[in-house]
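**Student:** Before we start, here is the structure in question, set down as structure tokens.
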Amino acid sequence: MSSIKAFRELQNEVTEWRRYLHGNPEIAYEEYNTARFVAEKLASFGINHIETGIAETGIVALIQGEGGDGPTIGLRADMDALPILENSNKPWSSTIPGKMHGCGHDGHTAMLLGAAKYLAKTRNFKGAVALIFQPAEEAGIGGHRMVQEGIMDRFGISKVYGMHCAPGIEIGKFGICPGLALASVDEFDIFVKGRGGHAAYPQRVIDPIVIAAQIIVGLQSVVSRNTDPLESLVVSVTQLRAGEGYNSIPEHAQISGTVRALSPNLRDFAQRQISESANGIARAFGGSIDLKYQRLEPVTVNHPEETSLAIKAARKIVGHDAVTDQLKPTMGAEDFAYMLEARPGAYIYIGNGPTADVHNPAFDFNDEAIPYGIGYWVNLVETSMLAV
Ligand SMILES: [Zn+2]
Ligand SMILES: [Zn+2]
């Protein structure tokens, strides 16, 4: 076991890396400078197996332990920033207007680099560690693409772990959801077709605006009347477009929105129900619809055995009571879910203190969390792959 003291020694250096990344944010699939920075650091730690250009700007690097043969576990950090104008007033604020590290991925990347430096030096474990630096998390696609490009098989990864900073959880504390952690995300567009005409003669038209209004009302009952109140589903209409004039009824209307579900069954149900409800309502008015339904991130589910290991590793670094092992799931989403579909693993939250919330222009990753984050990664590796 490695104690927090060892990781505090890395704090200043890792803070410098973190603030450099913070000042130079790159959004989804543009992380070329970030990836170059990461690859250079990894090489400087004496890591010689580094593959770049995976899923455009992603990187996987392998560190072999000196404890003998064993499995390879994957540790994942995301690298991308957000298209937000920063307002944190920190000296290391974004130098690129309209782009900022508003979700702490600068901290995630820096902490995994810190763990890499430590593990490359000590190598006090069996098997190997695969460091996964992922692009485009905010776009919900980078993790999926890395899995599609075969990283799990190619690097022989048998388990995979993720970590995210959490404003509202104190510095030096961790939290984890046993089982369900985050929701799935889908997007839908309902194209309503009616028959346009003069607004003075409603009897001659099929009004797509009235149909759209009824469909929106109908969608409200998918959750309120068709779903077990103890299960979690959100159906939100977020866009509505129709018409241009005061005196003409348009031909078309468009309704768009998002669906979040905390179980795969509920997700399937919502898709079916939206289609049936919208079709039925449009037909009743003499119109019709086309539904475009796109499934994005799946539900993020922590696996039991790996969750226990994650809790154990976190408790080794901060003590028993500083790790909440019964956090409730939320309706947010993570594309780490794709990695958890491919391999068993767990996703943990690390306290960011009382900062602004993620995706807020005033947010900043809290550098005080750095030794705890590095300590978690190292203890996770050393706990799950004890050296002989
Ligand atoms: Zn985010
Ligand atoms: Zn994030």
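**Student:** Accessible area per residue, 1.4 Å probe, Å², for segment 15-90: what's the number?
**Tutor:** Value returned for segment 15-90: 41 Å² of accessible area per residue.
**Student:** With each pseudo-label sitting 7 Å past Cα toward Cβ, what's the D321-S308 distance in nm, one decimal?
**Tutor:** 2.5
**Student:** Taking 0.36 nm per residue of separation and subtracting the Cα-Cα distance, what length does fully extending A362 through R204 add?
**Tutor:** My answer for the length gained is 51.5 nm.
**Student:** So between D189 and E276, what do we pick up on full extension, going 0.36 nm a residue minus the alpha carbon distance?
**Tutor:** Gain on extension, D189 to E276, equals 29.9 nm.
**Student:** With a 1.4 Å probe and all protein chains left in place, how much of the accessible area of the chain comes from carbon and sulfur atoms, in whole percent?
**Tutor:** Heavy-atom surface of the chain belonging to carbon and sulfur, 1.4 Å probe: 51 percent.
**Student:** Leaving out ligands and nucleic acids, note down the accessible area per residue over segment 100-156 with a 1.4 angstrom probe, in whole Å².
**Tutor:** Each residue of segment 100-156 exposes 26 Å² on average to a 1.4 Å probe.
**Student:** So what is the accessible area of segment 187-256 per residue, in Å², with the probe set to 1.4 Å?
**Tutor:** Per-residue value: 61 Å².
**Student:** Run the numbers for A284 and Y32: contour at 0.36 nm per residue of separation, minus the present Cα-Cα distance, in nm.
**Tutor:** The span from A284 to Y32 would gain 85.4 nm if fully extended.
**Student:** Need one value: the accessible area of R272 in square angstrom, 1.4 angstrom probe, rounded to the nearest 10.
**Tutor:** Spelled out: R272, probe radius 1.4 Å, area about 130 Å².
**Student:** A further question follows. For the pair E341 and K5, what calculated FRET efficiency results from E = 1/(1 + (r/R0)^6), where r is the Cβ-Cβ distance and R0 = 30 Å, to the nearest 0.05?
**Tutor:** Using R0 = 30 Å, I get an efficiency of 0.20.
**Student:** Please report, to two decimal places, log10 I(q)/I(0) for the chain at q = 0.14 Å⁻¹ as given by the Debye formula with identical point scatterers on the Cα atoms and no solvent.
**Tutor:** Treating every Cα as an identical point scatterer, log10 I(q)/I(0) equals -1.12.
**Student:** Could you give the angle, 0 to 90 degrees to the nearest 10, between helix 208-224's Cα long axis and the longest principal axis of the Cα atoms of the chain?
**Tutor:** 50
**Student:** Add -39500 (n - 2.57) for each DSSP H run of 4 or more in the chain, then divide by its residues: what number comes out at 222 nm, to the nearest 500 deg cm²/dmol?
**Tutor:** Mean residue ellipticity at 222 nm (helix-derived): -11000 deg cm²/dmol.
**Student:** What angle, in degrees between 0 and 90 and rounded to the nearest 10, separates the Cα long axis of helix 264-284 from the longest principal axis of the Cα atoms of the chain?
**Tutor:** Helix 264-284 and the main axis of the chain meet at about 20 degrees.
**Student:** Separate question: Return one number: the angle in degrees, 0 to 90 and rounded to the nearest 10, between the long axis of the Cα atoms of helix 304-318 and the longest principal axis of the Cα atoms of the chain.
**Tutor:** 50
The values are calculated or read from the model by the stated rules, or taken from the named source; none is laboratory data. Keep in mind that what you see is a predicted model, and the values were worked out from it rather than measured. As a convention, Cβ positions derive from the backbone with ideal geometry for all residues, glycine included, and neighbour counts pool all protein chains shown. Heads up: the accessible areas ignore ligands, DNA and RNA and are worked out on the full protein's heavy atoms, side chains in. Shrake-Rupley method; radii C 1.70, N 1.55, O 1.52, S 1.80 Å.
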